[in-house]
Amino acid sequence: MWGAPMNSADLRAFAEGRTLDALRGEANALCESVWGKRVFVRGLIEFSNHCARNCLYCGIRGANTRVSRYRLSSDEIVEIVREGFRLGIRTFVLQGGEDPFLSVLDHCRTVERIKDATEGTAAITLSLGIRSRSEYAALKAAGADRYLLRFETSDETLHTRLRDGVPFAARRRALDDLKELDYEVGSGFMTGLPGETEETFYENVRLCKTLELDMVGIGPFIPHPDTPLWSDAPPSLERTLRAVALVRLLLPMANMPATTAAGSIDPLGREKMLLSGANVLMPNLSPSEAKRHYLLYPGKVCLDEDGSSCLKCLRARVLRLGKELVFDRGDSRSAALRHVG
Ligand code: SAM
Ligand code: SF4
């Protein structure tokens, strides 16, 4: 659809010339023309809720003294992977706070152990925040395949404020390093952050295209009561759906999750995302106790389900949409094309 590079004013004019339903319909059709009716599974493991950072929006920010902190051991993580692998899962996502207790060598060791436990067949995605280029290189050499690092907002001033002093340039540098190191790179943003203007919203969408992302995670900002951004303003799923649909139209080959945050503000939030261009679901494989303490925002869903019942529930939800849950690694097509090119 977009032959020429598009600025955010053009993008806005395009979006405002269509109803949300029309945009979602176009995005879903494009998604199915590339990915079929397949919805790819990624097993999420929230390995630690310790964090040295203080992002203003996040429930596990270091300054929140009400959080009961935990850290899964490497043995526990590998055991969760073994169980997920037995259930058929072939991609595992390790996500956590920027935990100062865990060195890059600890992470490398866990990545190597996961590769061994899955006979090298599973893809490993890391989401460990901003690290140095040499640390990203070490993690890649250990076997990591993909990395998720949302830019959160393209507004540089807002970014620095909301991330408690971390400049946008640091995030941008990290994303460039990851791409140069040949990771499949994922990024994305929250919709409805306090201070987001219409211009920022469309710039956020456009930045996903500029970065030519392999994976794009978009979710609503949900205020947490123990953070400086607490407010009782209800988050808007429509805004998230609009963003997902537009990004899908710009990046047909990207993998895009129907995020848990969307499911947490609307019981059918993930289904609505899957009909707006998303093609990935991420069942949470963390132990219940860990899930309960990894509260980025209130109202998180599926706290009591184990991996197997979570998959059963997701399969039924996907079937109701006329789609099919699949367990392949679901490698990025844009990354594959880079290698061919
Ligand atoms: N620490 C790593 C980082 O910041 O990239 C990875 C974990 S972080 C908790 C994962 C994502 O959670 C962030 O990228 C952010 O978009 C999302 N998140 C944090 N607080 C949130 C909130 N209040 N509402 C919705 N999403 C939130
Ligand atoms: Fe830490 Fe990530 Fe939360 Fe920021 S968003 S406080 S880096 S866990």
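If you take the residues of the stretch 54-83 that are within 16 Å of H224 (Cα to Cα) and touching an Asp or Glu at 6+ places or on another chain (Cβ under 7 Å), which of them is farthest from ligand 1 (Cβ to nearest atom)? Looking at the filtered set, the residue picked out is R66.
Of all the numbered requirements in (1) surrounded by fewer than 22 Cβ atoms within 10 Å (Cβ to Cβ); (2) within 18 Å of the chain's Cα centre (by Cα); (3) away from ligand 1 (no atom under 16 Å from the Cβ); (4) not polar (S, T, N, Q), K291 misses one, and that requirement is (3). Of the residues making up the stretch 1-56, just one is under 15 Å from V247 (Cα atoms) and β-branched (V, I, T), namely V34. Considering only residues that are buried (at least 21 other Cβ atoms within 10 Å of the Cβ) and within 13 Å of ligand 1 (Cβ to nearest atom), which ones fall in the stretch 139-150? The answer is Y147, L148, L149. Residues in the stretch 264-309 that are more than 19 Å from H50 (Cα to Cα) and in a helix (DSSP H, G or I): S264, I265, G269, R270, E271, K272, M273, L274, G307, S308, S309. For the stretch 28-38, does any single residue satisfy the condition of being more than 22 Å from L251 (Cβ to Cβ), modelled with pLDDT of 95 or more and not charged (D, E, K, R)? For the stretch 28-38, residues more than 22 Å from L251 (Cβ to Cβ), modelled with pLDDT of 95 or more and not charged (D, E, K, R): absent. Scanning the stretch 113-138 for residues being surrounded by fewer than 16 Cβ atoms within 10 Å (Cβ to Cβ), within 18 Å of V78 (Cβ to Cβ) and of a type outside the set (G, A, S) gives a total of 3. Of the helices (runs of 4 or more DSSP H) lying entirely inside the stretch 61-169, those containing at least 1 residues that are at pLDDT 95 or above and within 14 Å of ligand 2 (Cβ to nearest atom) span 156-162.
The values are calculated or read from the model by the stated rules, or taken from the named source; none is laboratory data. Fair warning: this is a prediction, and the values are worked out from it, not measured in the lab. In this analysis, Cβ positions are derived from the backbone assuming ideal geometry, glycine residues included, and neighbour counts consider all displayed protein chains.
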